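Scroll down for the structure; my scribbles are underneath it.
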Amino acid sequence: MKIAFGTSGWRGHLAYDFTFQGVACVAKAIADVLHENGQAEQGVVVGRDPRFLTEKFARDTARILAAEGVRVFLVERDIPTPMIAWTIMDKKLAGGLNFTASHNPSDWCGVKYSMESGGPALPHITKKIEALANKLLADNWQPQFANTYEIIDPRESYYRQIESIINFDLLRQGRFALNPIFGAARGILDELLQRNNVPYDIINDTRDPYFGGFPPEPAEEYIADFIRFIDPAQHTLGLMCDGDADRFGVLTPQGECLNPNDVATVLAWYLIGVKNMNGGTGRSVATTHMLDRVARHFGREHYETPVGFKWLGELICEDKIALAAEESAGMSIYRHVPEKDGIIAVLLLAEAVCHYQKGFFEILQDVRESVGQLICKRVNIALEGVDMEKLKANLAKDVTNVGEFAVQEVVRTDGVKFLFGDDRWILVRLSGTEPVARVYAEGADESVVSDLLAAGKRFLLS
């Protein structure tokens, strides 16, 4: 067994890769880092999602950190990751841990570590924690426990933050279908609507560590029950969050699952054009360039970062962007948490739809008529049996053409991204955890995107 932090914490199969011994070593490593930085008294918050054994992981971690001289605030009920982020900011803590595997299946668990800013820990921090934890694991280190932690309930503070951003007067014009997918958004998203007198109907709002037998991801293949539940005669939109409520999902009243790139485009248009929010747009290297076009339309800056919301979180902390978005349904906004927040994302889209008094695709078409149309798609390619060294060598080569497309610029921020002009591009990224490559492409219409994806796949496997 080895502890390895990826783009969003340490995750693994429960009991096989993710164990109590490993969690104890991570807790001790975090305590050592906090002491080294003089932050032990500043304190951390510890939370969890509703998976198997997360109460035990969270409580043990609180007791280990306390025994190591760290001030600890424990949240007893399951809690969204963005609420952990807000609690760090609100209480001016040194950091926070949330035991969650996000949208991964129920037999996975994990832990996300957040910094003093509230954003995901940067690589230089997680690498230090990882190295210390693996040394402790190899040495068979055994923890001490103390019960000197404090119990807190951070919901009210988070609710006030959301209510300072969302215009609930607009939301009261609609009626919403909610699907927390048995995850940490249950009792949070619905309570925000209830306390602000917004009509809603809800399913999957009990605790189920199996998440109904599917991964807790708001993807079309896992939400057949919600597609049946939403009623075009009653509901304005269907609002969803994943297991720890850091990712969003939205259904039209007709049961169509919206593309996160399109949602981000409409939100950028609304936040800057209607709410007059400060800053430009920030996106990962794999996310639609429509966000760049919207920013330019309003005379704002636009930024591109590697994949991983921590990089976008840095831009939020610097007050540079109105909207931060990833194509994988992560989003946050100006002077909110520097972390993905699925709750604020779906509420903002609900607000936008109520403001415009139009269907989502009508709003998207209005944006396209102003800045042009781009379509962004992704395919996954299995790499079993592929010579990985040869493949990596090919990706490192300088090329002038990818298929029929002449390369104007190559960006190696994260993977290899080929730019062809007119916002046409291909990105090839290798997974760090499985034998899979992801090929992304964007262009002005479906046929161009299809040709780009085909060229990207041929280049990858040539």
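Just so it is clear, none of the values below were taken in a lab; they were calculated from the coordinates. Source: prediction; values computed, not measured. For neighbour counting, all protein chains shown are included, and Cβ atoms are generated from backbone atoms with ideal geometry for every residue, glycine included.
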In whole Hz, the Karplus estimates of ³J(HN,Hα) for region 8-16 (6.51, -1.76, 1.60; θ = phi - 60°; x where Gly or Pro) are 9, x, 9, 10, x, 5, 4, 6, 8
Within the under-13-Å Cβ sphere about residue 357, not counting residue 357, Lys/Arg +1 and Asp/Glu -1 give a net charge of -2
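For the chain, what is the calculated [θ] at 222 nm in deg cm²/dmol (nearest 500), taking -39500 (n - 2.57) for each run of four or more DSSP H residues and dividing by its residue count? Could you put the intermediate results ahead of the total?
On the way: 15 runs with 169 residues, N = 462.
The helix contribution divided over the chain gives -11000 deg cm²/dmol.
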Check: C-alpha center region 115-161 vs C-alpha center region 379-440, spacing in Å is 35
Given 20 °C, 1.002 mPa s and a Kirkwood radius over Cα pairs, the Stokes-Einstein diffusion coefficient of the chain in µm²/s is 94
Straight-line reach check, residue 2, cutoff 17 Å on alpha carbons, 8 or more apart in-chain or any other chain, hits among aspartates and glutamates -> 17, 130, 139, 434
Compactness summary of region 335-427: radius of gyration and Dmax from Cα atoms, Å, are 19.3, 54
Note to self: C-alpha centroids of region 68-112 and region 201-269 sit apart, in Å, by 23
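To the nearest 20 debye, what charge dipole does region 401-462 have about its Cα centre, counting +1 at the Cβ of each Lys and Arg and -1 at the Cβ of each Asp and Glu?
For region 401-462, the charge dipole is close to 340 debye.
Compute for region 303-462: radius of gyration divided by Kirkwood radius, i.e. Rg/Rh, restricted to C-alpha atoms, rounded to two decimals. Intermediate results must be reported in sequence, preceding the final value.
Working: Rg = 17.8 Å, Rh = 17.7 Å.
Expressed as Rg/Rh, it is 1.01.
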For region 210-215, in residue order, the Karplus 3J(HN,Hα) values (coefficients 6.51, -1.76, 1.60; θ = phi - 60°; whole Hz; Gly and Pro = x) are 8, 6, x, x, 10, x
Which of 310/358; 275/340; 28/91 exceed 28 Å between C-alpha atoms? The answer is 310/358
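Which of the peptides 236-246, 123-133, 336-346 is most tightly packed, and how do the rest follow, judged by the mean count of other Cβ atoms within 10 Å per residue? It would help to have the intermediate numbers written out before the result.
Details: 236-246: 30.0, 123-133: 16.9, 336-346: 28.0.
Per-residue mean Cβ counts within 10 Å order the peptides as 236-246, 336-346, 123-133.
Please say if region 190-267 is rounded, prolate or oblate, where rounded means a/c under 1.5 for a ≥ b ≥ c the square roots of the C-alpha gyration tensor eigenvalues, and otherwise the choice is prolate for a/b larger than b/c and oblate otherwise?
Values: a/c = 1.29, a/b = 1.07, b/c = 1.21.
In terms of gyration-tensor shape, rounded.
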Hydrophobic long helices for the chain, i.e. whole DSSP H runs reaching 20 angstrom or more by Cα along the axis with Kyte-Doolittle mean at least 0.0, come out as 20-36, 123-138, 342-356, 446-461
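Rg(Cα) of region 1-58 divided by 2.2 N^0.38 Å? Provide the component values of the computation, followed by the final result.
On the way: Rg = 12.5 Å, N = 58, 2.2 N^0.38 = 10.3 Å.
Cα-based Rg divided by the globular estimate yields 1.22.
Give, rounded to the nearest 20 debye, the magnitude of the charge dipole that the chain has about its Cα centre when Lys and Arg contribute +1 at Cβ and Asp and Glu contribute -1 at Cβ. Intermediate results must be reported in sequence, preceding the final value.
On the way: 48 positive and 63 negative charges, 144 e Å.
Approximately 700 debye in magnitude.
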For residue 367, the net charge from surrounding residues (Cβ-Cβ under 14 Å; K, R +1; D, E -1) works out to -1
